[in-house]
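Trainee: Have a look at the structure that comes next, please.
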Amino acid sequence: MLKNNLIVENYTLKHHNTFGLDAQCGLFAQISSVEGARAVIKRYNPLKLPIHILGSGSNILFSKDFYGALIIKNYIRKIEIIRRDAETVWVLVGGGVLWHDLVLWTLNRGLSGLENLSLIPGTVGAAPIQNIGAYGVELADLLLNVEALHLETLDIHHFTKNDCAFGYRESVFKSKLKGQYLITKVMLQLSRNREVNIEYGDIRNTLANMNIDSNHITPTDVSNAVCNIRKAKLPDPAMIGNAGSFFKNPVILNQKWESLQNDFPEMPHYAVGTLEAKIPAAWLIEQCGWKGKRVGNTGCHARQPLVIVNYGGATGLEIMTHAENVQRSVRDKFGIELMQEVNVW
Ligand SMILES: Cc1cc2nc3c(=O)[nH]c(=O)nc-3n(C[C@H](O)[C@H](O)[C@H](O)COP(=O)(O)OP(=O)(O)OC[C@H]3O[C@@H](n4cnc5c(N)ncnc54)[C@H](O)[C@@H]3O)c2cc1C
């Protein structure tokens with residue numbers, strides 16, 4: 001591994017993205033502190049090249065090389081308990097901590113809140129970018145505030161949960177403030193009571209199959225159940241390159257959903273408030289014949305068509321073209337626009 005704060009020139013990002021894409025970058029730095037990040041930017045970026053912040057690369061598609069850019073990989077890795085009372089514990093977490101390591105750290109200390117978000121790849125600093133979520137819980141449910149380094153002024157700014165403007169796989173860091181900050185720390189508010197949320201998806205059935213007594217379900221049991229479900233459903237990026245769900249589930253007006261129902265009565269949907277409906281993107285993609293379909297070195301996964309995979313040797317452009325073909329056929333068949341969840345660089 002490269003030393004922290006060390007900078008390398010003309011470096012491959014192949015081992016820094018879960019698609020396994022062999023993009024090159026002009027300057028690559030690893031930092032483990034705010035001071036380290038400031039020093040790297042001051043010393044190596046006098047020309048103000050574009051700066052890209054990298055976590056684990058589990059939600060990125062590299063569509064090109066980055067010779068004229070500085071890529072900074074975040075290794076700020078401290079976890080601290082800041083305050084506790086009888087019910088709540090406030091935990092300040094470095095942006096470079098791996099998300100699932102944090103989940104295990106909290107479970108080992110008897111804290112609940114993160115168990116439904118088990119096994120999501122990536123770093124804590126990337127979690128606010130798209131307000132990560134799974135199994136009925138999202139980061140916004142637990143986050144208190146975010147500390148971030150402004151990449152131009154090098155000042156530290158603090159964002160309350162409100163400032164973050166969280167939505168479904170959205171935040172201010174993915175829209176208005178895109179590319180402007182390095183998220184250095186995240187403050188979470190976790191619970192000391194052991195209440196669990198098992199209403200979503202297959203969690204309840206999976207716990208029953210694991211022979212867990214339904215009167216004594218712990219957050220660790222829920223975490224284990226979520227890990228089992230995810231391992232069965234999702235392709236492991238260590239085995240086959242992918243970045244999880246490529247598209248968001250589209251949200252459409254009820255009016256449109258009602259008219260679509262005439263032609264597609266079996267179309268699944270979930271109410272979003274009183275005016276809108278969320279349609280599973282995986283279902284739309286499957287209906288267009290993409291499930292398990294391979295095109296060259298890429299394709300839609302056979303178990304979960306929402307996941308676009310790299311069978312080996314695919315380029316970012318090839319994956320992007322495949323994604324656009326999927327979008328086009330969903331648009332043509334249903335008149336619904338699929339929006340990317342993955343960040344295209
Ligand atoms: C198999 C698989 C399953 C997944 N399942 C889920 C899921 O259930 N729910 C879900 O929400 N996501 C899921 N994802 C997507 C991904 O894990 C998350 O989006 C995760 O938060 C990305 O973290 P990362 O460190 O890999 O970010 P990266 O991919 O490195 O970066 C993603 C974006 O965030 C920016 N970024 C990263 N770190 C920082 C930082 N410290 N400061 C500022 N900007 C930063 C990058 O510039 C980039 O634009 C899955 C991915 C895979 C491969």
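Trainee: Would it be correct to say that Trp99 is farther than 30 Å from Thr321 by Cα and either at pLDDT below 95 or away from the ligand (no atom under 13 Å from the Cβ) (or both)? So that I can check it myself, show each step before the final result.
Mentor: Numbers: farther than 30 Å from Thr321 by Cα: yes; either at pLDDT below 95 or away from the ligand (no atom under 13 Å from the Cβ) (or both): no.
Here the answer is no, as Trp99 does not meet what is asked.
Trainee: Would you please list the contacts, defined by Cβ atoms under 7 Å and residues six or more apart or on different chains, that run from a residue in the stretch 327-345 that is assigned to a loop (DSSP other than H, G, I, E, B) to a residue that is among the small types (Gly, Ala, Ser) and within 16 Å of the ligand (Cβ to nearest atom)?
Mentor: Close Cβ pairs (under 7 Å, with a partner that is among the small types (Gly, Ala, Ser) and within 16 Å of the ligand (Cβ to nearest atom)) amount to Leu338/Ala281; Glu341/Ser245; Val342/Ala243; Trp345/Ser63.
Trainee: Among the residues of the stretch 107-133, write down those that are hydroxyl-bearing (Ser, Thr, Tyr) and crowded, with 24+ Cβ neighbours inside 10 Å.
Mentor: Passing the criteria: Ser118, Thr123.
Trainee: Okay, next question. Can you find a residue in the stretch 36-52 that is part of a strand (DSSP E or B), within 13 Å of the ligand (Cβ to nearest atom) and either within 25 Å of Gln130 (Cβ to Cβ) or free of Cβ contacts under 8 Å to residues at least 40 places away in the same chain (or both)?
Mentor: First, pick out the residues of the stretch 36-52 that are part of a strand (DSSP E or B): 51-52.
Still in the list and also within 13 Å of the ligand (Cβ to nearest atom): 51-52.
Then keep just the ones that are either within 25 Å of Gln130 (Cβ to Cβ) or free of Cβ contacts under 8 Å to residues at least 40 places away in the same chain (or both); that gives 51-52.
Yes.
Trainee: Which residue, of Ile76, Ile129, Ile41, Ile71, is among the β-branched types (Val, Ile, Thr), within 15 Å of the chain's Cα centre (by Cα) and either over 19 Å from Arg194 (Cα atoms) or at pLDDT 95 or above (or both)? Show your work before the answer.
Mentor: On the way: Ile76 fails: within 15 Å of the chain's Cα centre (by Cα); Ile41 fails: within 15 Å of the chain's Cα centre (by Cα); Ile71 fails: within 15 Å of the chain's Cα centre (by Cα).
Of Ile76, Ile129, Ile41, Ile71, the one residue that is among the β-branched types (Val, Ile, Thr), within 15 Å of the chain's Cα centre (by Cα) and either over 19 Å from Arg194 (Cα atoms) or at pLDDT 95 or above (or both) is Ile129.
Trainee: Taking the stretch 84-121 as the region of interest, how many residues are of a type outside the set (Ser, Thr, Tyr) and assigned to a strand (DSSP E or B)?
Mentor: Of the residues in the stretch 84-121, the ones of a type outside the set (Ser, Thr, Tyr) are 84-87, 89-105, 107-111, 113-117, 119-121.
The next check asks that each one be assigned to a strand (DSSP E or B); those that pass are 84, 89-94, 98.
Result for the stretch 84-121: 8.
Trainee: Give Asn228, Asn197 a once-over and let me know the one that is over 19 Å from Glu341 (Cβ atoms), part of a loop (DSSP other than H, G, I, E, B), more than 10 Å from the ligand (Cβ to nearest atom) and not assigned by TED's automatic domain parsing to the domain that holds Gln340. Spell out the reasoning first.
Mentor: Numbers: Asn228 fails: part of a loop (DSSP other than H, G, I, E, B).
None of the other options fit; the residue is Asn197.
Trainee: What's the number of the only condition in (1) touching a Lys or Arg at 6+ places or on another chain (Cβ under 8 Å); (2) closer than 20 Å to Arg169 by Cα; (3) modelled with pLDDT under 95 that Gly273 fails to meet?
Mentor: Here Gly273 clears every test but (1).
Trainee: Does Val309 qualify as being assigned to a helix (DSSP H, G or I) and surrounded by 14 or more Cβ atoms within 10 Å (Cβ to Cβ)?
Mentor: no
Trainee: Are there any pairs with C-beta distances below 7 angstrom linking a residue in the stretch 224-235 that is farther than 18 Å from Pro305 by Cβ and of a type outside the set (Lys, Arg) to a residue that is part of a helix (DSSP H, G or I) and more than 10 Å from the ligand (Cβ to nearest atom), with the two at least 6 apart or on different chains, and if so which?
Mentor: The qualifying pairs are Ala225/Ile203; Ala225/Thr206; Ala225/Leu207; Val226/Glu115; Val226/Ile203; Asn228/Thr206.
To keep it simple, each residue is scored yes or no on (1) β-branched (Val, Ile, Thr); (2) closer than 17 Å to Val146 by Cβ; (3) away from the ligand (no atom under 12 Å from the Cβ).
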| position | (1), (2), (3) |
| --- | --- |
| Asp65 | no, no, yes |
| Lys73 | no, no, no |
| Ile82 | yes, yes, yes |
| Asp85 | no, no, yes |
| Thr88 | yes, no, yes |
| Leu92 | no, yes, yes |
| Gly95 | no, yes, no |
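The values are calculated or read from the model by the stated rules, or taken from the named source; none is laboratory data. In this text, all values refer to a predicted model and were calculated from it rather than measured experimentally. Glycine also receives a Cβ, built like all others from the backbone with ideal geometry; neighbour counts cover every protein chain displayed.
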